[in-house]
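Below is one structure, written out as structure tokens; comments come after it.
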Amino acid sequence: MEKLLDKLQAWGCDIPAAINRVLGDKELYCSCLELFAEDENFELCAKALHEQNYRAAFEAAHALKGVAANLELTPLQTCISALVEQLRHKQTDGLEPYWTAIQAARTQLQNFLKERL
């Protein structure tokens, strides 16, 4: 577990703040990470973007942003926040790079979690 937390911190996550948020329960934090990495809002957002349902994409991305912030996953939160702001301001052209960055950051998180096993 410490190796995972060290990798996340090196990636840019504020692990001390995250662990503090879960009252020092590192196992709980890691469980939350695993749940978040598979959050259905990733798929909902992708589907909504594909269908050009920007309201639904905004709602899914906004939910992801909140969880990423609570988990102190700064690299992922930064990517998601950029997409949320585009959608909030109804700037719907050129969203592909934002989604690509989110997917890459999510994959990185999933890889960190797989290495833990």
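The values are calculated or read from the model by the stated rules, or taken from the named source; none is laboratory data. Small disclaimer: the values here were computed from a predicted structure and weren't measured. In this analysis, Cβ positions are derived from the backbone assuming ideal geometry, glycine residues included, and neighbour counts consider all displayed protein chains. Please note that ligands, DNA and RNA were not included when accessible areas were found on the heavy atoms of the full protein model with its side chains. Shrake-Rupley method; radii C 1.70, N 1.55, O 1.52, S 1.80 Å.
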Taking all protein chains as present, what is the carbon and sulfur share of the accessible area of the chain, in % to the nearest whole number, probe 1.4 Å? 52
Can you check what the net charge comes to around W11, using other residues whose Cβ is under 13 Å from the Cβ of W11 (Lys, Arg +1; Asp, Glu -1)? -1
Over the chain, what lengths in whole Å, largest first, do the semi-axes of the equivalent ellipsoid take, defined as the square roots of 5 times the eigenvalues of the alpha-carbon gyration tensor? 27, 13, 12
Average accessible area per residue (Å²) across the chain - probe 1.4 Å, nucleic acids and ligands excluded: 56
Students often check this: by mean Cβ neighbours within 10 Å, which of 78-87, 11-20 ranks highest, and how do the rest follow? 78-87, 11-20
Going Cα to Cα from K26, which aspartates and glutamates come in below 18 Å? Please leave out same-chain ones fewer than 8 positions away. E2, D6, D14, E34, E72, E115
Would you compute, from DSSP H runs of 4+ residues alone, the mean residue ellipticity of the chain at 222 nm, taking -39500 (n - 2.57) per run and dividing by the full residue count, rounded to the nearest 500? -25500 deg cm²/dmol
